[in-house]
């Protein structure tokens, strides 16, 4: 059984790491009366866009809001169809579904667990308006193949990069490939903004204006000479007083606060270092588990920089001696280690069974649902904790 110290180390397995820099940033914004969507948000957006290599970025309240506003900005409506993977958190599919779109799932690549572009084209119909590839566990999808297929059919690509901030494909950052990129800064992500937060990136000026509007009630402010989005403070003359407000449409309030943005700016500066520690932890797990019967370690696609939001392993019960359920239970109760189960395929869920899906439709995703477990890999893990994790997995093998 793990010592109390090891149990603590393994209990803080997910998420980022806060320090005195974040504390100082919070206090500074508090002294400025903690505004919403103020100067800290503007600077965070500028810095995040520069980091991703995009023209624009807009901070939102969470990753789900980023996906939803992207769908709204694209005009997704009832009768449209949107393609995504069944192996993801429900927010990916819920964003278009709540706007009335039909969701078409495409099975995954069994090596990377990401949407399989070889099966993508067959799912495209004349009603298909968007494809949402999910960069699962911190690895960017095969964006070259996906963009080529989408381009031939005139279909928009929206990246769900919630788990892949800082990840790369062919030297480009996640969030720079699609018409938008959607990020989450939830407490368990590689960088966080005090538990919740998100960002939308884009190179499309017109789409960005719609994102700005719908994020904040579709508000425009009228001045003597200009008409501008109320919260687009980069574009309006600072200090100019507007006369009145108008609303282009009925929008939403998905704004981020300045306290969150201030923490996000600090986290962004740390991100590459935090991701490097994740990669080093993953390499340690690779080496320690490579020869364990029945354990398959994650595969990295050629040309990708994996950021290991999670460390997924597949467990073959015949070779390992335990199935996924027994493994999760025994790791917790015999070794004091909580491991994860991200995710069950969405076609197994009640929400999508009610929309016509059922078991047996996506064999690769469903095999992953039965066999995949996620291990601790976060930057706060010590070498001793990682060694204990490896040792525990090895000792449970047919034990």
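The values are calculated or read from the model by the stated rules, or taken from the named source; none is laboratory data. Given the structure is predicted, the values throughout are model-derived calculations rather than measurements. Positions of Cβ are backbone-derived with ideal geometry, glycine not excepted, and every protein chain shown enters the neighbour counts.
Within the range 303-322, the residues that satisfy the criterion of being touching a helix residue (DSSP H, G or I) at 6+ places or on another chain (Cβ under 6 Å) and within 30 Å of residue 273 (Cα to Cα) are 306, 307, 308, 309, 310, 311, 312, 314. Residues in the range 309-324 that are farther than 30 Å from residue 271 by Cβ, free of Cβ contacts under 8 Å to residues at least 60 places away in the same chain and surrounded by 13 or more Cβ atoms within 10 Å (Cβ to Cβ): 315, 316, 317, 319, 323, 324. For the range 371-384, filtering for residues that are in a loop (DSSP other than H, G, I, E, B) and touching a strand residue (DSSP E or B) at 6+ places or on another chain (Cβ under 9 Å) leaves 2. Look through the range 21-53, keep the residues that are on the phi < 0 side of the Ramachandran plot and not in a helix (DSSP H, G or I), and return whichever of them is surrounded by the most Cβ atoms within 10 Å (Cβ to Cβ). By that ranking, first place goes to 38.
For the condition outside the structural domain of residue 282 (by TED's automatic domain parsing), over 22 Å from the mean Cα position of the chain (by Cα) and either modelled with pLDDT of 95 or more or surrounded by 22 or more Cβ atoms within 10 Å (Cβ to Cβ) (or both), what is the one hit in 128, 98?
Just a single option satisfies the conditions, and that option is 128.
Scanning the range 70-95 for residues that are over 19 Å from the mean Cα position of the chain (by Cα) and in a strand (DSSP E or B) gives a single hit, 81. Just one of the listed residues (242, 254, 208) is in contact with a strand residue (DSSP E or B) (Cβ under 8 Å, 6 or more places away or on another chain), assigned by TED's automatic domain parsing to the domain that holds residue 187, modelled with pLDDT under 60 and surrounded by 14 or more Cβ atoms within 10 Å (Cβ to Cβ), and it is 242.
Touching a residue at least 60 places away in the same chain (Cβ under 8 Å), surrounded by 19 or more Cβ atoms within 10 Å (Cβ to Cβ), not in a helix (DSSP H, G or I) and not assigned by TED's automatic domain parsing to the domain that holds residue 119: does that describe residue 368? Spelling it out, it is not the case that residue 368 is touching a residue at least 60 places away in the same chain (Cβ under 8 Å), surrounded by 19 or more Cβ atoms within 10 Å (Cβ to Cβ), not in a helix (DSSP H, G or I) and not assigned by TED's automatic domain parsing to the domain that holds residue 119. Against the conditions (1) crowded, with 24+ Cβ neighbours inside 10 Å; (2) under 18 Å from residue 308 (Cα atoms), residue 200 satisfies every one except (2).
Which of the residues spanning the range 145-161 are touching a helix residue (DSSP H, G or I) at 6+ places or on another chain (Cβ under 8 Å), assigned to a helix (DSSP H, G or I) and more than 18 Å from residue 125 (Cβ to Cβ)? Scanning the range 145-161 gives a single hit, 145. Residues in the range 167-185: is at least one in contact with a strand residue (DSSP E or B) (Cβ under 8 Å, 6 or more places away or on another chain), farther than 20 Å from residue 68 by Cα and at pLDDT below 95? No.
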